[in-house]
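What follows is a single structure, written as structure tokens, with notes after it.
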Amino acid sequence: MNDRRKSLFVPEKIDALRPFSAPLLAWYGANARRLPWRVLPTPYRVWVSEIMLQQTRVEAVVPYYERFLAALPDLPALARAPEDRLLKLWEGLGYYSRVRNMQKAAQAVVLAGGTNLPGSYEALRALPGIGPYTAGAVASIAFGIPVPAVDGNVLRVLARLLACREDIALPQVKRAFEQAAAALLLRECPGDFNQAMMELGATVCLPNAAPRCADCPVRAFCAAARAGNAPDYPYKSPKKPRVVEERTVFVVVAEHTVLLRRRAGKGLLAGMWELPNLAGWLSAEETGAVLAGWGMPEAETRALGDGKHIFSHIEWRMKGLLALPHACPPVEDGVWANAADLAERYALPSAFRPYARLLLELLARDGM
DNA sequence: AAGTCGGGGGT
DNA sequence: ACCCCAGACTT
């Protein structure tokens, strides 16, 4: 075995870092944010928080978390919830496969005769939606198992502490950091140690040019801080540019309802509801043909404003089109939804927000 | 190892 | 504009 894991970090360098855990833990004890999932860290509550927190900021998660736990207070309740309800609870959070996988995992537990998550790293890791980070987080925080939990925060903190210029986007390098984190982990309080590392990254060892080294409890141990170039870490390879797509979005309103369409079960925004939309900026002739195809050739139309929405790897540049047919004919994969349906039943992705306000006004207006 | 999958807030 | 976030899964 001659892989790079052994050459990436010199064991003596890791050993020299080990005493940093005492000031780190002391700092965490005094500065930990009071977060809902820290009040009563049961396996289910920690799990839900960790799934929501994947690629999502704490501030964005908190309101979703409270609402989700109130609606589905335990694992069996999650296992038996209708999918539409899950998506509605997740509406606007993004990465919707997270909640589907979470339910799959809950159903697997129930099917095996259980009512709660398994208490080992390996069994957690085997469940849908639980990868190396989440398995480590739930195992350490909820079960006290001494395993690391290496997220983006921890990668950044360690890259700076060790002044490591490797590309943290590479799986190989990430594994090396997990080894380092495992070596540094405090086995007496793995959950607090892991959370302290993340808390430091989230509130002090900030990304880009914003680290607050003067406020850092472990700056004496930090190689990057000593060199005065903490902002240079971590190194990441450039990501490829987003694809720009032009789309035409139809706002079709009749009889106080709007036409929604269900998206395909796979791919972007899988299974979500949407304002019907097509690729390209359609001409008047083309929009007329589309509306005729939906059984509303008589619909009066009006151009709406432009809208933009940025996904991770795609950018939608939207042109809106208002259509006012005289009735509500059935449309394939479509439903006619009123304001109450929109509020309670159909999960509409944030991409359509540019047209949401207008839509609600139209649904409330007389003669629509 | 690279691509897919959301959305929002900070700089 | 660009960054990146308590990442996981598929190809």
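Whole-Hz Karplus ³J(HN,Hα) for the stretch A:9-22, in order, using 6.51 cos²θ - 1.76 cosθ + 1.60 and θ = phi - 60°, x for Gly and Pro?
Values per residue, Gly and Pro as x: 10, 6, x, 5, 5, 5, 4, 4, 7, 3, x, 5, 5, 5 Hz.
Taking only protein heavy atoms into account and a 1.4 Å probe, give the accessible area per residue of chain A in Å².
Dividing the accessible area of chain A by its residue count gives 49 Å².
So, R0 is 56 Å and r is the distance between the beta-carbons of A:A364 and A:S237; what FRET efficiency does that work out to, to 0.05?
Here the calculated transfer efficiency is 0.65.
Could you tell me what percent of the accessible area of chain A is made up of carbon and sulfur, with a 1.4 Å probe and every protein chain present? Working shown, then result.
Working: 9730 of 18150 Å².
Exposed carbon and sulfur together represent 54 percent of the surface.
Which links in A:K104/A:K174; A:K88/A:K236; A:K13/A:K240 stretch past 32 Å when you go from one Cα to the other? Walk me through the numbers before you get to the answer.
Working: A:K104/A:K174 27 Å; A:K88/A:K236 35 Å; A:K13/A:K240 34 Å.
In this structure, A:K88/A:K236; A:K13/A:K240 exceed 32 Å between Cα atoms.
Name the long-range amide H neighbours of A:E245: under 5 Å, sequence gap of 5 or more, or other chain; modelled H, no Pro or chain starts.
Correct list: A:E315, A:W316, A:R317.
Give the accessible area for A:S283 in Å² (nearest 10); use a 1.4 Å probe, count only protein heavy atoms, and leave out ligands, DNA and RNA.
40 Å²
Over chain A, what is the relative contact order in whole percent, taking alpha-carbon pairs under 8 Å and six or more residues apart?
Taking the mean separation of contacting Cα pairs over the length of chain A, I get 16 percent.
Grab the DSSP H runs of chain A that are 4 residues or longer, score each as -39,500 (n - 2.57), total them, divide by all residues and round the 222 nm result to the nearest 500 deg cm²/dmol.
On the way: 18 runs with 165 residues, N = 368.
It lands at -12500 deg cm²/dmol.
Quick one: order A:S312, A:S350 from most to least accessible surface, probe 1.4 Å. Don't skip to the answer; put the middle values down first.
Working: A:S312 80, A:S350 35 Å².
Output order, biggest surface exposure first: A:S312, A:S350.
Would you mind telling me the antiparallel percentage of the DSSP bridges in chain A, rounded to 5?
Of the beta bridges lying entirely in chain A, close to 65 percent run antiparallel.
Would you kindly derive the ³J(HN,Hα) couplings of the stretch A:129-146 from the backbone phi angles with the Karplus curve 6.51 cos²θ - 1.76 cosθ + 1.60 (θ = phi - 60°), listing them in order in whole Hz, with x for Gly and Pro?
Running phi through 6.51 cos²θ - 1.76 cosθ + 1.60 with θ = phi - 60° gives x, 9, x, x, 5, 5, 4, x, 5, 5, 4, 7, 6, 8, 10, x, 7, x Hz.
Summing Lys, Arg as +1 and Asp, Glu as -1, what charge do residues with Cβ under 13 Å from the Cβ of A:L282 carry, A:L282 excluded?
Around A:L282, the charge tally is -1.
Which of A:A169, A:S120, A:A180 sits closest to the plus end of the dipole of the stretch A:5-232, meaning its Cα is farthest towards the positive end, when Lys and Arg get +1 and Asp and Glu get -1 on the C-beta?
Toward the positive end, the furthest listed residue is A:A169.
Post the alpha-carbon centroid distance, the stretch A:109-135 to the stretch A:292-368, in whole angstrom.
So the two Cα centres are separated by 40 Å.
Express as a percent, rounded to the nearest 5, the fraction of DSSP beta bridges in the stretch A:243-364 (both residues included) that run antiparallel.
If I count the DSSP bridges inside the stretch A:243-364, around 65 percent turn out antiparallel.
The values are calculated or read from the model by the stated rules, or taken from the named source; none is laboratory data. These numbers were taken from a predicted model, which means no experiment stands behind them. Note that we place each Cβ from the backbone using ideal geometry, even for glycine, and neighbour counts take in every protein chain shown. Just the protein is used for accessible areas: all its heavy atoms, side chains included, with ligands, DNA and RNA removed. Shrake-Rupley method; radii C 1.70, N 1.55, O 1.52, S 1.80 Å.
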